[in-house]
């Protein structure tokens, strides 16, 4: 619980000081949507090491952290570059045995977060019966029974990240954070974590939040730091502001499995986030926004 | 009969399974599954209830790699997050028709999206199953689709069970608190169905021109082959027109049927078309 009236705004450059080496960090977003990529880049610039990253459906965020040797452990239910292939650096580090990992079932991870958010040591559910995954992790999954009917259920242990980093559309200085498009696991990661860092497309005054309170998915009392990071999910999407930058993702995927990734990471390290935006978005940002506008629904079935 | 490609036949066959009962969460942008749901919604199942990304109760959308997510929100009636979706759809038994693909699939209805080789020291670390580990068990119908029907993918036993249908027959599913419904496999050669725990998959139909023996030879698990195997219904001219002009004008579904250099070039050409359409509105 943080003071609801505090001004929690810090610059992106302060992020490294908020996330110690070795911390477990839940990263929001899912698929190619709304990963907190400005924060990912900043953790690389800050030289963080041995982070235990937690993702439900990770993509370029996890692969870039693996490429930059930031990770000490990876907990995930999926990591993929989808149309651009498997995630080369996550693959390489797991296959070579250098990155310890925990593969969750997707629902199991979310229920572990839910348990922590509700102050429970575990939650039961009708689990992934028949899957080989639970037996791999007796410290996470166990068999339990309904106390009333005896039905066999899966218990999943509460999952408490040291830090959750999520990217919102807008946020005020108190940390009242709003989403309009994909929020994925963001809110439930935040509720489970000891500390919450919100990056956002823009910091706004409280009255802007109050105008549309139904969009506030994370009230400020959960939040410890607020960081303004325009295009902070790039090259993943932030609906309704911009679509995924498939061209930058393809560029990344082309280099990620080769020696060129060393230079790619070195460039991220050596430039500021302002430099990054200028380099990849000049003359392109408006088209990434237009991709959202031109996306079409089809006539004929809006009953 | 309009000429068609096999991926179009697969879309129409998967679409035929999509009905108006229950809710389907589509998750990441998988073009063949998305196209099938959209086709169903524009034809026989307009009330099919879909969730894509965090958009719940979607309108049908035009497919594109960069625009599918934005389009999903435009006609949707509700915006949730992942946890609300799994609690409100999957775990509460509202799941309708789940379409998945996987690196390996076996005759028990198990999928492997985890590893080739030892789990701790994999030869190939696969992406992981996300919600599929639980969801393929829970949904009323499980559809598994594969663009390359091969005994390397359709194996006797998966190397690692990421998730499985678990209970298959209607009665055993009911007893386990699950909705009864079959496993349907749609490939580039045939349609396979399993609806009993102790019976193998049977060939429901072969696609036009496919010899059932070729299906058997390319399947790693036992198949029940009826004495007279029907032929899969071909796409109609209307379905093809909807797919080509409305649902998937950029050709995203075909992408997953290409390999190697051709695949990358094809992706670049689609993305180029998507970029130009957007750019034209701001330049």
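The values are calculated or read from the model by the stated rules, or taken from the named source; none is laboratory data. All of these numbers come straight from a predicted model, not from anything done at the bench. Heads up, the Cβs are rebuilt from the backbone with ideal geometry, glycines too, and the neighbour counts pull from every protein chain shown.
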- Out of A:195, A:170, which single residue is more than 25 Å from residue A:105 (Cβ to Cβ), over 15 Å from the mean Cα position of the chain (by Cα) and assigned by TED's automatic domain parsing to the domain that holds residue A:43? A:170
- What do you reckon, is residue B:66 touching a residue at least 60 places away in the same chain (Cβ under 8 Å), buried (at least 20 other Cβ atoms within 10 Å of the Cβ) and within 12 Å of chain A (Cβ to nearest Cβ)? yes
- Message: Return the residues of the stretch B:76-108 that are more than 18 Å from the chain's Cα centre (by Cα) and assigned to a strand (DSSP E or B); say none if nothing qualifies.
- Response: B:78, B:79
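Matching residues to (1) within 15 Å of residue A:77 (Cα to Cα); (2) surrounded by fewer than 22 Cβ atoms within 10 Å (Cβ to Cβ):
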residue: A:6; (1), (2): no, yes
residue: A:9; (1), (2): no, yes
residue: A:15; (1), (2): no, no
residue: A:22; (1), (2): no, yes
residue: A:26; (1), (2): yes, no
residue: A:31; (1), (2): yes, no
residue: A:39; (1), (2): no, no
residue: A:44; (1), (2): no, yes
residue: A:47; (1), (2): no, yes
- Message: Just checking, does the stretch B:39-56 include any residue being part of a strand (DSSP E or B), within 7 Å of chain A (Cβ to nearest Cβ) and within 18 Å of the chain's Cα centre (by Cα)?
- Response: no
- Task: Would you check which residues across the stretch A:15-44 are in a helix (DSSP H, G or I), in contact (Cβ under 8 Å) with a residue 40 or more places away in the chain and within 22 Å of residue A:159 (Cα to Cα) and list them?
- Result: A:18, A:39
- Message: Tell me whether the stretch B:80-92 contains one or more residues that are buried (at least 24 other Cβ atoms within 10 Å of the Cβ) and closer than 17 Å to residue B:221 by Cβ.
- Response: no
- Note on the structure: In the stretch B:21-31, anything closer than 22 Å to residue B:256 by Cβ and out of contact with any strand residue (DSSP E or B) (no Cβ under 6 Å at 6 or more places or on another chain) is listed as B:27, B:28, B:29, B:30, B:31
- Query: In the stretch A:119-134, which residues are outside any strand (DSSP E or B) and either more than 11 Å from chain B (Cβ to nearest Cβ) or in contact with a strand residue (DSSP E or B) (Cβ under 8 Å, 6 or more places away or on another chain) (or both)?
  - Reply: A:119, A:120, A:121, A:126, A:127, A:128, A:129, A:130, A:131, A:133, A:134
- Query: Hey, among A:278, A:295, A:290, which residue is without any contact (Cβ under 8 Å) to a residue 40 or more places away in the chain, surrounded by 16 or more Cβ atoms within 10 Å (Cβ to Cβ) and more than 23 Å from the chain's Cα centre (by Cα)?
  - Reply: A:290
- Item | Number of the exception - residue B:179 against (1) within 14 Å of another protein chain (Cβ to nearest Cβ); (2) within 17 Å of residue B:105 (Cβ to Cβ) | (2)
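Report yes if residue A:111 is within 12 Å of another protein chain (Cβ to nearest Cβ), touching a strand residue (DSSP E or B) at 6+ places or on another chain (Cβ under 8 Å) and part of a helix (DSSP H, G or I), otherwise no.
On the way: within 12 Å of another protein chain (Cβ to nearest Cβ): yes; touching a strand residue (DSSP E or B) at 6+ places or on another chain (Cβ under 8 Å): yes; part of a helix (DSSP H, G or I): yes.
Taking the combined requirement at face value, the residue satisfies it.
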- Message: Name the residue that is farthest from residue A:273 (Cα to Cα), counting only residues in the stretch A:201-249 that are more than 20 Å from the chain's Cα centre (by Cα) and surrounded by 19 or more Cβ atoms within 10 Å (Cβ to Cβ).
- Response: A:209
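Of all residues being part of a loop (DSSP other than H, G, I, E, B) and either surrounded by fewer than 21 Cβ atoms within 10 Å (Cβ to Cβ) or out of contact with any strand residue (DSSP E or B) (no Cβ under 6 Å at 6 or more places or on another chain) (or both) in the stretch B:127-148, which is nearest to the other protein chains (Cβ to nearest Cβ)? Just the residue, please.
By that ranking, first place goes to B:131.
Residue by residue through the stretch A:72-89, note down the ones that are within 7 Å of chain B (Cβ to nearest Cβ) and within 17 Å of the chain's Cα centre (by Cα).
Pass one, the stretch A:72-89, residues within 7 Å of chain B (Cβ to nearest Cβ): A:76-80, A:82-83, A:86.
Within the stretch A:72-89, A:76, A:77, A:78, A:79, A:80, A:82 meet the criteria.
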- Task: Look at residue A:111 and say whether it is farther than 26 Å from residue B:106 by Cβ, under 17 Å from the mean Cα position of the chain (by Cα) and outside the structural domain of residue A:226 (by TED's automatic domain parsing).
- Result: yes
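Does residue B:244 fit the bill of being within 14 Å of another protein chain (Cβ to nearest Cβ), under 30 Å from residue A:281 (Cα atoms) and surrounded by 14 or more Cβ atoms within 10 Å (Cβ to Cβ)?
Working: within 14 Å of another protein chain (Cβ to nearest Cβ): yes; under 30 Å from residue A:281 (Cα atoms): no; surrounded by 14 or more Cβ atoms within 10 Å (Cβ to Cβ): yes.
Judged against the criteria, residue B:244 is not a match.
Checking the condition surrounded by fewer than 24 Cβ atoms within 10 Å (Cβ to Cβ), closer than 26 Å to residue B:113 by Cα and assigned by TED's automatic domain parsing to the domain that holds residue A:187, which residue from A:56, A:70 passes? Quick ask: steps written out before the conclusion?
Details: A:56 fails: surrounded by fewer than 24 Cβ atoms within 10 Å (Cβ to Cβ).
Only one candidate qualifies: A:70.
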- Among the residues of the stretch B:69-80, how many are touching a residue at least 24 places away in the same chain (Cβ under 8 Å) and closer than 16 Å to residue A:238 by Cβ? 2
- Message: Here's a check for you: in the stretch A:83-108, which residue that is in contact (Cβ under 8 Å) with a residue 12 or more places away in the chain and in a loop (DSSP other than H, G, I, E, B) is farthest from residue A:245 (Cα to Cα)?
- Response: A:100
- Query: Scanning for something within 11 Å of another protein chain (Cβ to nearest Cβ), buried (at least 17 other Cβ atoms within 10 Å of the Cβ), touching a helix residue (DSSP H, G or I) at 6+ places or on another chain (Cβ under 7 Å) and under 30 Å from residue B:172 (Cα atoms), does the stretch A:94-101 turn up at least one residue?
  - Reply: no
- Could you count how many residues in the stretch B:256-283 are surrounded by fewer than 18 Cβ atoms within 10 Å (Cβ to Cβ), in contact (Cβ under 8 Å) with a residue 12 or more places away in the chain and either within 7 Å of chain A (Cβ to nearest Cβ) or more than 24 Å from the chain's Cα centre (by Cα) (or both)? 1
- Message: If I ask for residues that are part of a helix (DSSP H, G or I) and surrounded by fewer than 14 Cβ atoms within 10 Å (Cβ to Cβ), which ones from the stretch B:164-178 would you list?
- Response: B:171, B:174, B:175
